[in-house]
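The values are calculated or read from the model by the stated rules, or taken from the named source; none is laboratory data. Note that the coordinates shown come from a computational prediction; the quantities given were computed from them, not determined experimentally. All Cβ positions, glycine included, derive from the backbone under ideal geometry; neighbour counts span all protein chains shown.
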Amino acid sequence: MMEIFIIPVFLISILFSILAIRSTVSIMHTLNITDKPDDEHKLHDINTPFVGGVGMLVVLCFAIILLINLHPEHFQKYIALLMCSIIIWSTGFVDDMIKLGYKLRLAIQALVALIMILVGGVVVNELGGLFFGFPLQLGTMGIIFTLIATIGGINALNMMDGVDGLLGSIALVSLLLIGIAIYIGQDQPNLILICVLAGGVVGFLNFNLRHLYQRHARVFLGDNGSMLLGVMFAWILVDIAQDPNPSITPVTAIWLLSVPLLDMFSVMMRRMCAGRSPFTPDRKHLHHLLMRSGFRVSEIVFTITLLHGLLGMIGLAGLYSGVSEFAMLLGFLLILAGYFYLTYRPLLFIAKLRNLDTLLNTRLGFAPVSNSKILIGNYSAKAEALVRQSVMNWDLRWISG
């Protein structure tokens, strides 16, 4: 019965997302409110509207209307969800236009987390049987833990939004895996929310994912969309892990957001080890390293999404096969340590990837990674020389940075 209701909700959400994004694209171009390639951290070369978050917000409002009508007893909870969504989306939209300072962004993210905790009642009260099966109760410390975890989740997803189609693909895989857990746990309200969000992501990927007939993204998710997704994942994962009949354990949640968390922790630790602020932007995230190794955008999206999906499936397999929560936490920490070790020296990591040139070229069909300076277009001999020199100068800036 639940499946009959969920399928049309999913399809309607795709339609709403596509219509919302399409209707705002021309407005953004007319007002010249677009993401412009005028920064060394930008990877695109055309003005692109950052309206992916509009589609996500529209489908989320659709979900909240459904949930309030189906479960009016949770009216305050869903109003809190709406408040959190509007505040974080608005903050992200302003940030996309004028670049807010990280301290202000963190303060607003903390406000959103407090609304989620104090108004919505979505808070981490216990961490499960992490210590040899004994439940770890947090008490009042649960508020602080949830606050930090929510801010971390928001920024982890925001940091992954650097390549066309990447964050949308990662989010879609996570939503699918979380949806499986929720379906097994028979949590209808959260299943509706997951299906609506998945529909919104599919609608966004229609404009953002590169393919044969779409050589570059027509829209970006923007900070408004990536931070909104971060709040949604934090809300849903905490809610389903702290329910009286939980669909997952708290430690399973980190496996379901594995790659964004691994990348965020590693990047921030590398920055601190280098004596820099952990909030200083750079081009040394996993997708940047793969790009400098010669991977095309589609290969980067496929590789990272596949890794993310495999780790998420390991998390669910551990949950349903009865592996202890302590062992699952230890396993994730070992993967984090290994990932940090591999990427601690980014140039060495790139060199190791380039050593796989023959394997990638002959077996997987990837572009030769030994050639990471491919020129696309019609150039005169003089123009080509200038382009290649600019690429070399960019490499030197990247290495010194």
- Please specify each residue of region 118-144 satisfying the condition of being surrounded by fewer than 16 Cβ atoms within 10 Å (Cβ to Cβ), among the hydrophobic types (A, V, I, L, M, F, W, C), farther than 14 Å from ASP239 by Cα and out of contact with any strand residue (DSSP E or B) (no Cβ under 7 Å at 6 or more places or on another chain). PHE131, PHE132, PHE134, MET141, ILE144
- Message: Given the criteria without any contact (Cβ under 8 Å) to a residue 60 or more places away in the chain and touching a Phe, Trp or Tyr at 6+ places or on another chain (Cβ under 8 Å), does LEU138 qualify?
- Response: yes
- From the list ASP282, ASP187, ASP239, ASP223, pick out the single residue that is surrounded by 24 or more Cβ atoms within 10 Å (Cβ to Cβ) and of a type in the set (D, E, K, R). ASP223
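A quick yes/no check of all residues on (1) within 26 Å of TRP235 (Cα to Cα); (2) modelled with pLDDT of 95 or more; (3) not in a helix (DSSP H, G or I):
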residue: GLU40; (1), (2), (3): no, no, yes
residue: GLY53; (1), (2), (3): yes, no, no
residue: ILE79; (1), (2), (3): yes, yes, no
residue: ILE88; (1), (2), (3): yes, yes, no
residue: LEU111; (1), (2), (3): yes, yes, no
residue: LEU114; (1), (2), (3): yes, yes, no
- Check region 225-247 and report whether any residue there is within 30 Å of LEU19 (Cβ to Cβ), touching a Gly at 6+ places or on another chain (Cβ under 7 Å) and assigned to a loop (DSSP other than H, G, I, E, B). no
- Message: Quick check on this structure: which one of ALA317, ALA351, ALA327, ALA337 is free of Cβ contacts under 8 Å to residues at least 24 places away in the same chain and over 30 Å from MET272 (Cα atoms)?
- Response: ALA317
- Quick one: which of VAL251, VAL323 is among the hydrophobic types (A, V, I, L, M, F, W, C), within 30 Å of GLY139 (Cα to Cα) and not in a helix (DSSP H, G or I)? VAL323
- Query: Taking region 254-279 on its own, how many of its residues are among the basic types (Lys, Arg) and assigned to a loop (DSSP other than H, G, I, E, B)?
  - Reply: 1
- Task: Could you give me the residue pairs with C-beta distances under 8 Å whose first residue belongs to region 77-102 and is surrounded by fewer than 17 Cβ atoms within 10 Å (Cβ to Cβ), whose second residue is not in a helix (DSSP H, G or I) wherever it lies, and which are 6+ apart or on separate chains?
- Result: VAL94/LEU100; MET97/ILE33; TYR102/PHE279
- Message: Would you confirm whether or not region 61-72 contains a residue that is hydrophobic (A, V, I, L, M, F, W, C), surrounded by 16 or more Cβ atoms within 10 Å (Cβ to Cβ) and either within 20 Å of the chain's Cα centre (by Cα) or outside any helix (DSSP H, G or I) (or both)?
- Response: no
